[in-house]
Amino acid sequence: MFLENLEFKGKSIPQTILGYAPFIAEAYFGHRSRLYQLDLYDSPQNTADVIIEAFNQGVRAINLVNEPNLLKAYDIACDNGCEMKVIGTVGKSDVDYLNPNYEVAKEVDWDEDIELFSSYDCPLMLVDEFIVDAYDWKLTSKILSKINETGSLSGLVTAFPSRTTDLLPDNLDMDLFDFYMIPLNSISYMMDISAFNASQRQEFVDRILSLNKKIIATRILAAGVLKPKEAFAFYKNVDYVDAISIGVAKVEEASEDFSLLKEY
């Protein structure tokens, strides 16, 4: 499951992508964020060790943001022979998930990010969720156009797969992008859906499919609430997702999770 490459518009994108969230100690991990700060973000070598193990388990893509310690960790991993396709998230800012300031997010130097990721083997760049979910459609369109000029494919990230999905067709030129990264897990954790019973699930799927975009699912482990077996069992019955992004925080987790993924 998700072990092949997605071939699209002349680009080859691995279907399993190593996520960055634990590596930069995203705040939504709660008390674990502090541990990830100490164990991973403050220690690029430790992060590199996790990246290397993911590579050894067959992962050939990594989602990167413009964070110095994360980029240093990836450089260390590359020096050890595990270069991956880079899925770059453009416009990442230090915004509080619990009380997001979208105006701050819109001021980030996204142009610098595009230039940075253009120096990597980067078939795809995504506009960060706090820019997309600010619903400044002119700005989002401008960033997508700039990405497209580099020759990379482009896409959007959202934290609100229900609300944002409904707004996109009437507010954005849908020809500007091809990929859509959304949080998706069996318990609707960190999704703007109150429940995820069978009827709601089908309604959600129909709305996603109506966009006619390549879907990348993230937070599939629900920030650690779900065990990998639970998450992978759910995805075994999902046929509308083209790629997944999985974050792991330890070498052991990389070994166990990606080995297990091969069984589904």
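The values are calculated or read from the model by the stated rules, or taken from the named source; none is laboratory data. Just so it is clear, the structure is predicted and the values come from calculations on it, not from any experiment. For neighbour counting, all protein chains shown are included, and Cβ atoms are generated from backbone atoms with ideal geometry for every residue, glycine included. Heavy atoms of the whole protein, side chains included, go into the accessibility calculation; ligands, DNA and RNA do not. Shrake-Rupley method; radii C 1.70, N 1.55, O 1.52, S 1.80 Å.
Per-structure values
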{"item": "Hey, Val108 buried (at least 18 other Cβ atoms within 10 Å of the Cβ), in contact with a Ser or Thr (Cβ under 7 Å, 6 or more places away or on another chain) and assigned to a loop (DSSP other than H, G, I, E, B) or not", "result": "yes"}
{"item": "Filter pass, Val95 being aliphatic (A, V, I, L, M), surrounded by 15 or more Cβ atoms within 10 Å (Cβ to Cβ) and in a loop (DSSP other than H, G, I, E, B)", "result": "yes"}
{"item": "Region 28-67: number of residues that are among the polar types (S, T, N, Q) and under 20 Å from the mean Cα position of the chain (by Cα)", "result": "6"}
{"item": "All helices (runs of 4 or more DSSP H) inside region 30-86 with 2 or more residues being in contact with a Cys (Cβ under 9 Å, 6 or more places away or on another chain)", "result": "44-56"}
{"item": "Matching residues, region 171-215, being under 15 Å from Phe234 (Cα atoms) and in a helix (DSSP H, G or I)", "result": "Ala198, Arg201, Gln202, Val205"}
{"item": "Single residue of Ala223, Ala243 found to be closer than 21 Å to Val65 by Cα and in contact with a strand residue (DSSP E or B) (Cβ under 6 Å, 6 or more places away or on another chain)", "result": "Ala243"}
{"item": "Selection count where residues are aliphatic (A, V, I, L, M), surrounded by fewer than 22 Cβ atoms within 10 Å (Cβ to Cβ) and under 20 Å from Ala223 (Cα atoms), scope region 160-189", "result": "1"}
{"item": "Checking Ala254 against (1) open to solvent by less than 30 Å² (accessible area, probe 1.4 Å); (2) outside any helix (DSSP H, G or I); (3) not charged (D, E, K, R), the condition it does not meet", "result": "(2)"}
{"item": "Matching residues, region 216-237, being open to solvent by 20 Å² or more (accessible area, probe 1.4 Å) and either in a strand (DSSP E or B) or of a type outside the set (Gly, Ala, Ser) (or both)", "result": "Thr218, Arg219, Leu221, Val225, Lys227, Pro228, Lys229, Glu230, Phe234, Lys236, Asn237"}
{"item": "Scope region 1-27; condition free of Cβ contacts under 8 Å to residues at least 40 places away in the same chain, within 16 Å of the chain's Cα centre (by Cα) and either exposed (fewer than 14 other Cβ atoms within 10 Å of the Cβ) or not in a loop (DSSP other than H, G, I, E, B) (or both); matching residues", "result": "none"}
{"item": "Selected residue [under 22 Å from Glu4 (Cα atoms) and among the acidic types (Asp, Glu)] from Glu53, Glu115", "result": "Glu53"}
{"item": "Flag for Ala77 being surrounded by 22 or more Cβ atoms within 10 Å (Cβ to Cβ) and within 15 Å of Ala21 (Cβ to Cβ)", "result": "no"}
{"item": "Residues of region 71-105 satisfying the condition of being in contact with a Ser or Thr (Cβ under 7 Å, 6 or more places away or on another chain) and either within 18 Å of Gln45 (Cβ to Cβ) or among the aromatic types (Phe, Trp, Tyr) (or both)", "result": "Ala73"}
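Quick grid of which residues meet (1) of a type in the set (A, V, I, L, M, F, W, C); (2) open to solvent by 40 Å² or more (accessible area, probe 1.4 Å); (3) in contact with a strand residue (DSSP E or B) (Cβ under 7 Å, 6 or more places away or on another chain):
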{"residue": "Ser118", "(1), (2), (3)": "no, yes, no"}
{"residue": "Cys122", "(1), (2), (3)": "yes, no, yes"}
{"residue": "Met125", "(1), (2), (3)": "yes, no, yes"}
{"residue": "Asp128", "(1), (2), (3)": "no, no, yes"}
{"residue": "Ile131", "(1), (2), (3)": "yes, no, no"}
{"residue": "Asp136", "(1), (2), (3)": "no, yes, no"}
{"residue": "Lys142", "(1), (2), (3)": "no, yes, no"}
{"residue": "Asn148", "(1), (2), (3)": "no, yes, yes"}
{"residue": "Gly155", "(1), (2), (3)": "no, no, yes"}
